[in-house]
1. Determine which member of the set 61, 14, 24 is under 25 Å from residue 215 (Cα atoms), surrounded by 20 or more Cβ atoms within 10 Å (Cβ to Cβ) and in contact with a strand residue (DSSP E or B) (Cβ under 9 Å, 6 or more places away or on another chain).
2. Mind checking whether some residue in region 107-123 is under 21 Å from the mean Cα position of the chain (by Cα), surrounded by 11 or more Cβ atoms within 10 Å (Cβ to Cβ) and at pLDDT 90 or above?
3. Within region 147-162, is even one residue at pLDDT 95 or above and under 15 Å from the mean Cα position of the chain (by Cα)?
4. I'm trying to understand the selection: among the residues of region 163-177, which are closer than 16 Å to residue 70 by Cβ and either modelled with pLDDT under 95 or not in a helix (DSSP H, G or I) (or both)?
5. What's the total number of residues in region 185-209 that are over 18 Å from residue 84 (Cβ atoms) and either touching a helix residue (DSSP H, G or I) at 6+ places or on another chain (Cβ under 7 Å) or in a helix (DSSP H, G or I) (or both)?
6. Enumerate the pairs (first residue in region 200-213 and at positive phi and surrounded by fewer than 22 Cβ atoms within 10 Å (Cβ to Cβ); second residue anywhere and in a strand (DSSP E or B) and at pLDDT below 95) with beta-carbon separation below 6 Å, excluding pairs fewer than 6 apart on the same chain, so at least 6 apart or on different chains.
7. Only one of (1) closer than 29 Å to residue 145 by Cβ; (2) out of contact with any helix residue (DSSP H, G or I) (no Cβ under 9 Å at 6 or more places or on another chain) fails for residue 182. Which number is that?
8. In region 72-106, what count of residues is obtained for those that are touching a helix residue (DSSP H, G or I) at 6+ places or on another chain (Cβ under 8 Å) and modelled with pLDDT of 75 or more?
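The values are calculated or read from the model by the stated rules, or taken from the named source; none is laboratory data. What you are looking at is a predicted structure, and each value in this text was computed from that prediction instead of being measured. Cβ placement follows ideal geometry from the backbone for every residue including glycine, while neighbour counts extend to all protein chains displayed.
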């Protein structure tokens, strides 16, 4: 089968291309894929603009968590360039007061101490409990965080803190759209996935069992299979 799509993959906070390693390998027969660098800018809009500057004229777009925020911003800035959309373990809401405080606290900790990236203490919020000792999941998460580093972490957190609430904009999305998440995602639970998919014309919601916040890494075969189906769906939505 020849590659019929250009697919841009957007990682989450403290993530890099390793998040998408299974998809990069198992979808390469149908898609020419690139993983965007979201470590340089300190606003979601600036991240989206960088992606648009480097992306093909027309492309499919998949974003996880923070990458999903960037994907939604791309849909606001240049919807005509996106052929299909996947919002993975993400949210359309802005942070509430409790979430804002937690992010501010993490930024302060990163500024005053040695940056530890994703520590074992933070892993339970990211991955399913059964994968806490799995080097192919937990180990990869911690390695990605170390590579992204302290400065990019602070920029990314500032970007997330200042993002807009995008729920009202989802009604304008009229391309084949996948909303995919782990059913046990502690950061973006099923209710926020249902909220997003219900607002998108033709939005398709898929929840993966026994999976936390990092579906492409935790349940790689299931995620790749669902994304393959999404890439093969008819282009027109009604």
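1. 61
2. Checking region 107-123: not a single residue is under 21 Å from the mean Cα position of the chain (by Cα), surrounded by 11 or more Cβ atoms within 10 Å (Cβ to Cβ) and at pLDDT 90 or above.
3. no
4. To start, the set of residues in region 163-177 that are closer than 16 Å to residue 70 by Cβ comprises 163-166, 169-170, 173, 177.
The answer is 163, 164, 165, 166, 173, 177.
5. Restricting attention to region 185-209, the residues satisfying the condition of being over 18 Å from residue 84 (Cβ atoms) are 185-192, 194-195, 198, 207-209.
When the remaining residues are screened for being either touching a helix residue (DSSP H, G or I) at 6+ places or on another chain (Cβ under 7 Å) or in a helix (DSSP H, G or I) (or both), the result is 186-187, 190-192, 194-195, 198, 207-208.
Residues flagged as over 18 Å from residue 84 (Cβ atoms) and either touching a helix residue (DSSP H, G or I) at 6+ places or on another chain (Cβ under 7 Å) or in a helix (DSSP H, G or I) (or both) within region 185-209 amount to 10.
6. Going by the 6 Å Cβ cut-off, there are no qualifying pairs.
7. Answer for residue 182: the failing condition is (2).
8. Of the residues in region 72-106, 21 are touching a helix residue (DSSP H, G or I) at 6+ places or on another chain (Cβ under 8 Å) and modelled with pLDDT of 75 or more.
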